[in-house]
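The values are calculated or read from the model by the stated rules, or taken from the named source; none is laboratory data. Remember, it's a predicted structure, so these values are computed and weren't measured experimentally. So basically every Cβ, Gly included, is an ideal-geometry build from the backbone, and we count neighbours across all protein chains shown. Just so you know, the surface numbers come from the protein's heavy atoms only, side chains and all, with ligands and any DNA or RNA stripped out. Shrake-Rupley method; radii C 1.70, N 1.55, O 1.52, S 1.80 Å.
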Amino acid sequence: MSRVRADEEEYWHSSKFRAFTFDDEDDELSQLKESKRAVNSLRDIVDDDDDDLERVSWSGEPVGSISWSIKETASGSTSSLDGRDSSLQKGSSSYAALPKQASSYSLSSLFKGRNKLSSFQSLSDALTDTGVKNYAPELRRPRAEYKDYSGDWSPKDTVRRMQRGKVCSLERFRSLQDKLVLLDEAVAGHDGNVITAVLIFLKRTLRREILFRELEVRQVALCHLIHFLRETGEQKFLLDLLRTHCFFLSLQLSQYREHLNIQDVEKRREFLKGCIGLPFSAEDTSHIQDHYTLLERQIIIEANDRHLEMAGQSELFRKYPRKASILNMPLVTTLFYSCFYHYTEAEGMFSSPTNLKKTFKIPDKQYVLTALAARAKLRAWGDVDALLTTKNWLGYTKKKAPIGFHRVVEILQRNNAPVQVLQEYVRLVEDVETRLNLATKYKCHDVVIETYRDLKDRMQLTAYKGKVERGSAEEEKINSILSNMVRNAYS
């Protein structure tokens, strides 16, 4: 202990800076204060770039100044004992010299343990001759670097920084609400790496049952976690997750199926309304919402139509009585019913076909197919024509069928459409072979004759002449076409 104290006394007496005493003169006190200010300003110096630091020698003179150069030259030719302060030699008989180091040290370099000449040397190594070990304080990181770790970032900002490759600490998100918001922001960012990183954090900091429960309503995050567990080979955790997920799904489906056992329509409607809040996926929730809306619509239509049917006020209901209730019917059946009994109603009515199409986003193909079947069953050929007629912005009209005219012909023929109506739509079939097959099958003679005429196929016209009745208009038409072909061949 006395040895260490003696070494410390020896170090202080060998330094150029004197220890502070109340008997010092004012100029010595000012020098000490100046030295103290230099040390206290070390924090601001460290935050700046090392290349911009002003290097300072142990003598207190800026490196590179004229006085520094003179003293450095003089110190190289004299012994280290000449560098002692004479005022400190008065009270001691022997002192150990503090060895002078090369002037390539900057103040920040000494505390960091390196110099500008790439000779990594700590301050304690420079003082090994005195036997005293001095430990420099650990300097803090630059403020700009600390922002990546300790910044008070919101979940959204944290996700953005992670997307840019910045290092962000997720440990500050401690509450369940903050963690879930962070996960939702990661999913909204559509970055798989960020989602996986957040899931790893949640997997480490949340209990399994809580994590599994929250992932039930976050299908995207659930798929990411399943894929991650498969890649890392965590089979036990994966099996627990899949087992729990299947349990929740089966529980939800069994609860949803309970509506089938409810006979009262109003109670079933209220039950379906409660099922909307179950933690299904977004797509399944949308289907349940449509189911509830459809049943609500069917209740309104059924009440109105039952009243009209019982009152006998509608000719359509008298001519075509309803065979069953519309309640609990599928959407396509409800659309067919609406096209059959309420085709001409305005869009604002719940029973209007166009209202159903818009509410449930029914595709054009499905709508045309269903409406065509309903109007053909009523033999409303004018409505069929209007359904398949479109008008462009110039006011010109043309026939258009999203389902294809070959299917239109099949539906019309199934509902016993007259030949004149069939021929109109058989002519609109673009494929020649399909058109000929349909025209031959449904005995649309005019279409067959006109197609062979356009093809200038005399052989097929002659063969088809034997399939029509003798003396009919079709036979005369074939003879006229053949005669014109012969006349054009010799002209």
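Mind listing whichever residues of the stretch 181-196 are of a type in the set (A, V, I, L, M, F, W, C) and either in contact with a Pro (Cβ under 9 Å, 6 or more places away or on another chain) or surrounded by fewer than 17 Cβ atoms within 10 Å (Cβ to Cβ) (or both)?
Hits for the stretch 181-196 are Val181, Leu182, Leu183, Ala186, Ala188.
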Filtering the stretch 323-346 down to residues that are within 24 Å of Phe360 (Cα to Cα), in a loop (DSSP other than H, G, I, E, B) and not aliphatic (A, V, I, L, M) yields Ser325, Asn328, Pro330, His342, Tyr343, Thr344, Glu345
Those residues of the stretch 224-236 which are open to solvent by less than 90 Å² (accessible area, probe 1.4 Å), out of contact with any helix residue (DSSP H, G or I) (no Cβ under 6 Å at 6 or more places or on another chain) and within 14 Å of Lys203 (Cα to Cα), in sequence order: Ile226, Thr232, Glu234
Listed residues Lys391, Lys443, Lys400; which is touching a residue at least 24 places away in the same chain (Cβ under 8 Å) and charged (D, E, K, R)? Lys443
May I ask you to say which residue of Glu424, Glu475 is of a type outside the set (A, V, I, L, M), within 28 Å of Asp383 (Cβ to Cβ), in a helix (DSSP H, G or I) and free of Cβ contacts under 8 Å to residues at least 24 places away in the same chain? Glu424
State which residue pairs qualify: first residue crowded, with 16+ Cβ neighbours inside 10 Å and inside the stretch 365-381, second residue charged (D, E, K, R) and outside any loop (DSSP other than H, G, I, E, B) in any location, beta carbons under 7 Å apart, and separation of 6 or more residues or different chains. Tyr367/Lys357; Arg375/Asp383
Go through the stretch 328-337 and give me each residue that's open to solvent by 40 Å² or more (accessible area, probe 1.4 Å) and either on the phi < 0 side of the Ramachandran plot or in contact with a strand residue (DSSP E or B) (Cβ under 6 Å, 6 or more places away or on another chain) (or both). Met329, Pro330, Leu331, Val332, Thr333, Phe336
Scanning the stretch 401-410 residue by residue, the ones that are surrounded by 18 or more Cβ atoms within 10 Å (Cβ to Cβ) and either part of a helix (DSSP H, G or I) or assigned by the TED database to the domain that holds Glu450 (or both) total 4
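Can we say Val448 is open to solvent by less than 50 Å² (accessible area, probe 1.4 Å), over 30 Å from Arg322 (Cβ atoms) and in a helix (DSSP H, G or I)? Please lay out each step first, then the result.
On the way: open to solvent by less than 50 Å² (accessible area, probe 1.4 Å): yes; over 30 Å from Arg322 (Cβ atoms): yes; in a helix (DSSP H, G or I): yes.
Answer is yes for this residue.
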Return only the number of the condition from (1) open to solvent by less than 70 Å² (accessible area, probe 1.4 Å); (2) within 19 Å of Ser352 (Cβ to Cβ); (3) within 37 Å of the chain's Cα centre (by Cα) that Asp305 does not satisfy. (3)
Go through (1) touching a residue at least 24 places away in the same chain (Cβ under 8 Å); (2) open to solvent by 30 Å² or more (accessible area, probe 1.4 Å); (3) farther than 24 Å from Val384 by Cα one by one and return the number of the condition Ala311 breaks. (1)
Which residues, taken from the stretch 460-484, are of a type in the set (Ser, Thr, Tyr) and surrounded by fewer than 16 Cβ atoms within 10 Å (Cβ to Cβ)? Thr462, Ser472, Ser480, Ser483
For the stretch 378-400, name all the residues that are assigned to a loop (DSSP other than H, G, I, E, B) and either closer than 30 Å to Glu315 by Cβ or β-branched (Val, Ile, Thr) (or both). Leu378, Arg379, Ala380, Leu388
Sole residue being in contact with a Phe, Trp or Tyr (Cβ under 7 Å, 6 or more places away or on another chain), without any contact (Cβ under 8 Å) to a residue 60 or more places away in the chain and either more than 19 Å from Phe228 (Cα to Cα) or not assigned by the TED database to the domain that holds Arg218 (or both), chosen from Ser175, Ser169: Ser169
Tyr464: passes all of (1) assigned to a helix (DSSP H, G or I); (2) in contact with a His (Cβ under 9 Å, 6 or more places away or on another chain); (3) assigned by the TED database to the domain that holds Gly404 but (3)
Could you run through the stretch 427-445 and say how many residues are of a type in the set (A, V, I, L, M, F, W, C) and assigned to a helix (DSSP H, G or I)? 4
With the condition kept exactly as written, say whether any residue in the stretch 274-289 is open to solvent by 60 Å² or more (accessible area, probe 1.4 Å) and either within 22 Å of Glu171 (Cβ to Cβ) or touching a residue at least 24 places away in the same chain (Cβ under 8 Å) (or both). yes
